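The structure appears right after this line, and notes come after that.
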Amino acid sequence: MRGLGPVRHPAYSAALRLLAYRPRTRKEMATRLGRKFEPDVVDSVVTLLTEQGYLDDASFATAWRTSRESNNPKSSWVVQRELETRGIEASMASEAVQDMDDDENAYAAGAKAARRLAKLDPAVSRRRLWGYLNRRGFSSSVTRRTVERLLQEADEDGN
């Protein structure tokens, strides 16, 4: 970072702008900065941001998992793969999702979809709900239990 201190370097400013949008992993930050800056500059900035606490892969993994559970529920397997894709180590990603409840997440995701599908024929509703949950990575057994629960609840509400 010739001549400029790391905190005054344009790469550092660019990194802070990226962090203003959302938290990033070390890998994500290095990839984004690597588009514009030299590798030694990128390494220095990523190291500095990590030391300053702006880049923390463990807290990123926890926040990602929490966000997924509350906003866009998916299976623990899918969330783990998303974390690994973003540069989180497999062991850290596994630890972040180890106590996720796939049944509850499937129910939360399925309940939203079931409300949209309520007016359809029950067979069509069942098929679409099944596909919706499978696309979110839930196992067949979790999907089956969730679809049965949601359809039973819809039937009870209808009577």
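Each value in this text was obtained by applying a stated rule to the coordinates, not by laboratory testing. Since we're looking at a predicted model, the values are computed, not measured. So basically every Cβ, Gly included, is an ideal-geometry build from the backbone, and we count neighbours across all protein chains shown.
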task = Could you go through the stretch 107-114 in sequence order and give the Karplus-derived ³J(HN,Hα) for each residue, using 6.51 cos²θ - 1.76 cosθ + 1.60 with θ = phi - 60°, rounded to whole Hz, and x for Gly and Pro?
result = 5, 4, 5, x, 4, 5, 5, 4
request  = Within the stretch 23-53, report the trypsin sites (Lys or Arg not before Pro) that DSSP leaves as loop and that have at most 12 other Cβ atoms within 10 Å.
outcome  = Arg35, Lys36
request  = Name the residue farthest towards the positive end of the dipole of the chain from the options His9, Ser59, Val142, assuming +1 on Cβ of Lys and Arg, -1 on Cβ of Asp and Glu, about the Cα centre.
outcome  = His9
task = Working from Cα positions, state the angle (0 to 90°, nearest 10) between the long axis of helix 122-135 and the longest principal axis of the chain.
result = 20 degrees
inquiry  = Counting only helical runs of four or more DSSP H residues, what would the 222 nm mean residue ellipticity of the chain come to if each run contributes -39,500 (n - 2.57) and the total is spread over all its residues?
reply    = -23000 deg cm²/dmol
ask   = What is the distance in Å between the Cα centres of the stretch 81-141 and the stretch 5-40?
value = 33 Å
message = What is the angle, in °, between the Cα long axis of helix 140-158 and the longest principal axis of the Cα atoms in the chain? Nearest 10 is fine, range 0 to 90.
response = 50 degrees
